[in-house]
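Reading through the C-alpha cells given below for one structure.
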Amino acid sequence: MCSQLAQLDVEVNVVDLTNSDYKSEIFKYSETGLVPCLNEGSFVIHDSLAIAEYFNEYSKGELYPNSSPERALARSLCSELHSGFMNLRSHCPFSLEQVTPLLAFNNGIDNELTRLEKIFGSAHLPFMFNSAGIVDAFYSILAFRLNAYGINLQGKAGEYQKSLLNWSKLKEAIKLAQSWKNA
C-alpha cells in the first residue's frame, strides 16, 4: 500500500511460503533471506519500515504528516506495530481464509487491545492524521486481522477500524493478495 500512496509502480514477486523450497526462492531476491524486500536494481532494501521510509522519500515526504511532532508520532506508531503486539500476532495470525473468532482473551491480549483502542481512538478520521499515510497502511492490516477474528473496537477506535476496513487501498491490497493465493 505504501508504494501506491507514493504513486510508485512496483513489480511484485510472490513467494509461496508453504513450499518446501521457499527459502531458496527468497534468496533469489533478498540476500538476507528476509521479506519483504525492495529490489531497486543497484541495492536491496529489506524490512517493511525501511521500505516505507524509502517510499516516503520518493514521495518527497507525502506519506507522513507535515508537522514534526506528528511525523515523530507516526514513526513511533509504525515502530510499535512493527515490533509489538506479540500476543495478537500469536493468537490471531494473519489469514485470508475464514478463521475461528477469538472468544477468550488472556491478559496479554487484553492489554494489547487496550493499547490499540488508545491508538485507534486518537485518529483524526478517516485516517490517523489529515490524509492517508504510512500509519494507515500499517494499521489497516491489523484492523483486517482483528476483524477476521471478530474483534471490533468500540467508539472512536471502532470508527477508525471501520474506516481502515473500508479504505479502497486496503481492499485493493487484500484482493491482490487473494489473487496470489489463487494463482
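The values are calculated or read from the model by the stated rules, or taken from the named source; none is laboratory data. Remember, predicted model here, so these are calculated numbers, not experimental data. Note that each Cβ is placed from the backbone with ideal geometry, even for glycine, and that neighbours are counted across all protein chains shown.
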_Selection count, the range 80-122, where residues are surrounded by 15 or more Cβ atoms within 10 Å (Cβ to Cβ), over 14 Å from Gln161 (Cβ atoms) and β-branched (Val, Ile, Thr)_ = 1
_Positions within the range 51-74 being in a helix (DSSP H, G or I), closer than 13 Å to Met128 by Cα and touching a residue at least 24 places away in the same chain (Cβ under 8 Å), in sequence order_ = Glu70, Ala74
*Out of all the residues in the range 107-128, which are in a helix (DSSP H, G or I) and of a type in the set (S, T, N, Q)?*
Asn107, Asn111, Thr114
_Residue satisfying condition, being of a type in the set (Phe, Trp, Tyr) and either over 26 Å from Asp16 (Cβ atoms) or in the same structural domain as Gln7 (by TED's automatic domain parsing) (or both), within set Phe138, Phe129, Phe144_ = Phe129
*Looking at (1) part of a loop (DSSP other than H, G, I, E, B); (2) on the phi < 0 side of the Ramachandran plot; (3) not assigned by TED's automatic domain parsing to the domain that holds Gly133, which is the one condition that is false for Ala104?*
(3)
*How about the range 37-61: which of its residues are of a type outside the set (Ser, Thr, Tyr) and crowded, with 17+ Cβ neighbours inside 10 Å?*
Cys37, Leu38, Ile45, His46, Ile51, Ala52, Glu53, Phe55, Asn56
_All but one of (1) assigned by TED's automatic domain parsing to the domain that holds Ser83; (2) without any contact (Cβ under 8 Å) to a residue 40 or more places away in the chain hold for Ser179; state the number of the condition that does not hold._
(1)
*Does the range 129-148 hold any residues that are part of a loop (DSSP other than H, G, I, E, B) and surrounded by fewer than 19 Cβ atoms within 10 Å (Cβ to Cβ), and which are they?*
Asn130, Ser131
*Quick one: which residue in Phe129, Phe85, Phe94, Phe120 is in contact (Cβ under 8 Å) with a residue 40 or more places away in the chain, at positive phi and not aliphatic (A, V, I, L, M)?*
Phe85
_With the requirement that a residue be modelled with pLDDT of 90 or more, out of contact with any strand residue (DSSP E or B) (no Cβ under 9 Å at 6 or more places or on another chain) and not hydroxyl-bearing (Ser, Thr, Tyr), what does the range 40-56 give you?_
Leu49, Ala52, Asn56
_Just checking, does the range 47-61 include any residue being β-branched (Val, Ile, Thr) and under 27 Å from Gln7 (Cα atoms)?_
yes
*Say whether the condition of being within 25 Å of Lys169 (Cβ to Cβ), at pLDDT 85 or above, in a helix (DSSP H, G or I) and touching a helix residue (DSSP H, G or I) at 6+ places or on another chain (Cβ under 7 Å) is met by at least one residue in the range 10-29.*
no
